Amino acid sequence: MPLYLHDRSWNFNDIHHWVDLAKLLEKGKFHGMFIADGAYDVYKGPQNADPAIISGAQWPVNEPLAVVPAMAAATKNLGFGVTIATTYEQPYHLARRLSTVDHLTKGRLGWNIVTGYLDSAARNLGHTEQPPHDKRYEIAEEYVEVMYKLWQSSWRDDAVKLDRKNVVYTDPALVRKIDHVGQYYNVPGPHICQPSPQRTPVIMQAGTSKAGKTFAARNAEAIFVAGHNPAVVAKNITEIRQMAKDEFHRDPNSIKFLAMLCPIIGKTQEEAQAKYDDLIQYGSEDGALALFGGWTGIDLAKYGDDEELRHVESNAIRSAVEGWSKSSPGVPKWTKHTVAHHIKIGGLGATVIGTPEHVADEMERWVREADVDGFNLAYALMPTSFEDVIDHLLPVLKKRGLFWDDYAVDGGTYRENIYGKQGIQIDAAGKQFSETGMGPQIDYL
């Protein structure tokens, strides 16, 4: 049977698909799982979703937060990162939704903050177009400030009394309005939810623009990076760590960088290569370029079939291709077909083909050369790719002392297990809005 017939990713509408995946990942002691979001219509556009629809390239895609409570009910330690944009939902409403799920997961929620990067989202959510790039980050900064105030400063830890004798659930003297008045949002509060186990979910981010890096340095606890070579991401990691230290007075090592990596594992190098060669032939070129268009905003359809992309006018394209060429120096010419081939499996991240030992060597190289803290593992086959990691790669990493035997805080929050420390609190911009950090505004009586 061809390998691609083993793939079960098409079963995403079945809740058992997600529950079984969560149980598998927790069996392997994964820190968490990350659910991306977004539908892409840039390639062969504008406003043309057909390539994504036909190929199933992240289309259809369901609301990511909805499946988390079911997975949490079947697990004890696995964290769940979800992607939600700041541009098209009021912060008061989203704060409530995320607090609810943080309660239901017992503190195992992460929020991957995106500002929105597709005009299609703006059109479908009541706008003619999305705000300009830097304006979206300006809005996002105020947005998360509102969220931090609601989560961190609206309720005292001891506000809930559950006093049945005196019929008092919550002491109102220990719940405060936030009275936020800003350029984009006016939110009086108070937060409608009592403090969840983490108060603020683990803050994740993936921006690489100047505004995105500044936002990440101030707010993020975990940052996703992607590149086909460590050198491609090392510069951004260094810049963000330095900015976090110099401009926001954070411990630069408190930010955990996770590199995307897709391992294709075999007992021998030849077996792994044969597996890759079998899988790649079934990948959709249009689907790959639809994803590329969504990720970058660049429509490669306008370039000729044989056009060398290293010579085009777009800095973004040249930069991406130069990164790929460093990891594949033997490729004589980079056309849109070459790009599609390189992202059919593994996307914009690295695809490592080989034995478990070889994959472990490459992961060590990424840690050494790019200063990453961990990996966001992509799959080629669902769930086979993760089964291969658990059965073959993790034992090698454990022998090298590079992966834990069990969760650092059994039954702990997502933040506790990311940092390996019980009781750890947010150490980013949200910290200043804690109940003891906002001064007179939340000086409880």
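Quick check on my filter: what residues within the range 157-182 are over 14 Å from Cys193 (Cβ atoms), touching a strand residue (DSSP E or B) at 6+ places or on another chain (Cβ under 6 Å) and in a loop (DSSP other than H, G, I, E, B)?
If the condition is that a residue be over 14 Å from Cys193 (Cβ atoms), touching a strand residue (DSSP E or B) at 6+ places or on another chain (Cβ under 6 Å) and in a loop (DSSP other than H, G, I, E, B), then Asp171 is the only one that fits.
Filter the range 400-433 down to residues that are assigned to a helix (DSSP H, G or I) and of a type in the set (A, V, I, L, M, F, W, C), then give me how many there are. Show your work before the answer.
Narrowing the range 400-433 to residues assigned to a helix (DSSP H, G or I): 414-419, 429-433.
In the following step, the residues that additionally are of a type in the set (A, V, I, L, M, F, W, C) were identified as 418, 429, 433.
Total satisfying the criteria: 3.
Please enumerate the residues belonging to the range 196-232 that are free of Cβ contacts under 8 Å to residues at least 60 places away in the same chain and touching a strand residue (DSSP E or B) at 6+ places or on another chain (Cβ under 8 Å).
Thr208, Ala216, Ile223
Within the range 118-142, which residues are over 20 Å from Val61 (Cβ atoms) and touching a strand residue (DSSP E or B) at 6+ places or on another chain (Cβ under 8 Å)?
Ala140 - this is the single residue of the range 118-142 that is over 20 Å from Val61 (Cβ atoms) and touching a strand residue (DSSP E or B) at 6+ places or on another chain (Cβ under 8 Å).
So, Lys336, is that one crowded, with 21+ Cβ neighbours inside 10 Å, at pLDDT 80 or above, closer than 17 Å to Ala378 by Cβ and not small (Gly, Ala, Ser) or not? Show your work before the answer.
Values: crowded, with 21+ Cβ neighbours inside 10 Å: yes; at pLDDT 80 or above: yes; closer than 17 Å to Ala378 by Cβ: no; not small (Gly, Ala, Ser): yes.
Here the answer is no, as Lys336 does not meet what is asked.
Scan the range 45-59 and report the pairs whose first residue is of a type in the set (A, V, I, L, M) and whose second residue is buried (at least 17 other Cβ atoms within 10 Å of the Cβ), with Cβ atoms within less than 6 Å and a gap of 6+ or a chain change.
So the pair list comes out as Ala49/Asp41; Ala52/Tyr40; Ala52/Trp59; Ala52/Ala290; Ile53/Trp59; Ala57/Gly287; Ala57/Ala290; Ala57/Leu291.
Each row is one residue, and each column tells you yes or no for (1) of a type in the set (A, V, I, L, M, F, W, C); (2) under 16 Å from the mean Cα position of the chain (by Cα).
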| residue | (1), (2) |
| --- | --- |
| Tyr4 | no, no |
| Asp7 | no, no |
| Ile15 | yes, no |
| Trp18 | yes, no |
| Ala22 | yes, no |
| Glu26 | no, no |
| Gly32 | no, yes |
| Asp50 | no, no |
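If I ask for residues that are β-branched (Val, Ile, Thr) and part of a helix (DSSP H, G or I), which ones from the range 1-37 would you list? It would help to see each step written out before you state the result.
Here is the first cut: in the range 1-37, the residues β-branched (Val, Ile, Thr) are 15, 19, 35.
Scanning the range 1-37 gives Ile15, Val19.
Do you know which residues across the range 394-445 are polar (S, T, N, Q) and modelled with pLDDT of 95 or more?
Filtering the range 394-445 down to residues polar (S, T, N, Q) leaves 413, 417, 422, 425, 432, 434, 436, 441.
Matches in the range 394-445: Thr413, Asn417.
Quick check on the range 362-375. Is at least one of its residues of a type in the set (A, V, I, L, M, F, W, C), at pLDDT 95 or above and in contact with a Leu (Cβ under 6 Å, 6 or more places away or on another chain)? Steps first, please.
Residues of the range 362-375 that are of a type in the set (A, V, I, L, M, F, W, C), as a first pass: 363, 366-367, 370, 372, 375.
Still in the running and at pLDDT 95 or above: 363, 366-367, 370, 372, 375.
This time we only want the ones that are in contact with a Leu (Cβ under 6 Å, 6 or more places away or on another chain), so: 375.
Yes.
For the range 94-127, how many residues meet the condition of being under 28 Å from Asn417 (Cβ atoms) and either of a type outside the set (Val, Ile, Thr) or part of a helix (DSSP H, G or I) (or both)?
Within the range 94-127, the first condition is being under 28 Å from Asn417 (Cβ atoms), and the residues that meet it are 94-115.
Pick out the ones that are also either of a type outside the set (Val, Ile, Thr) or part of a helix (DSSP H, G or I) (or both) and you get 94-104, 106-112.
Adding up the residues that qualify gives 18.
Only one residue in Ile345, Ile298 is modelled with pLDDT of 95 or more, in a loop (DSSP other than H, G, I, E, B) and crowded, with 17+ Cβ neighbours inside 10 Å. Which one?
Details: Ile298 fails: modelled with pLDDT of 95 or more.
Matching residue, one of Ile345, Ile298: Ile345.
Check Glu313, Glu357, Glu364 and return the single one that is in a loop (DSSP other than H, G, I, E, B), surrounded by fewer than 16 Cβ atoms within 10 Å (Cβ to Cβ) and on the phi < 0 side of the Ramachandran plot. Show your work before the answer.
Working: Glu357 fails: in a loop (DSSP other than H, G, I, E, B); Glu364 fails: in a loop (DSSP other than H, G, I, E, B).
One residue alone meets the criteria, Glu313.
Is it the case that Ala274 is crowded, with 19+ Cβ neighbours inside 10 Å and either part of a helix (DSSP H, G or I) or modelled with pLDDT of 95 or more (or both)? Give the steps one after another, and end with the answer.
Details: crowded, with 19+ Cβ neighbours inside 10 Å: no; either part of a helix (DSSP H, G or I) or modelled with pLDDT of 95 or more (or both): yes.
For Ala274, the condition - crowded, with 19+ Cβ neighbours inside 10 Å and either part of a helix (DSSP H, G or I) or modelled with pLDDT of 95 or more (or both) - is not met.
For the range 364-415, which residues satisfy the criterion of being touching a Gly at 6+ places or on another chain (Cβ under 9 Å), small (Gly, Ala, Ser) and farther than 19 Å from Ala350 by Cα?
The answer is Ala408, Gly412.
The values are calculated or read from the model by the stated rules, or taken from the named source; none is laboratory data. Bear in mind the structure is a predicted one, so any value in this text is a computation, not a measurement. Cβ sites come from the backbone with ideal geometry, for glycine too, and all protein chains shown count toward neighbours.
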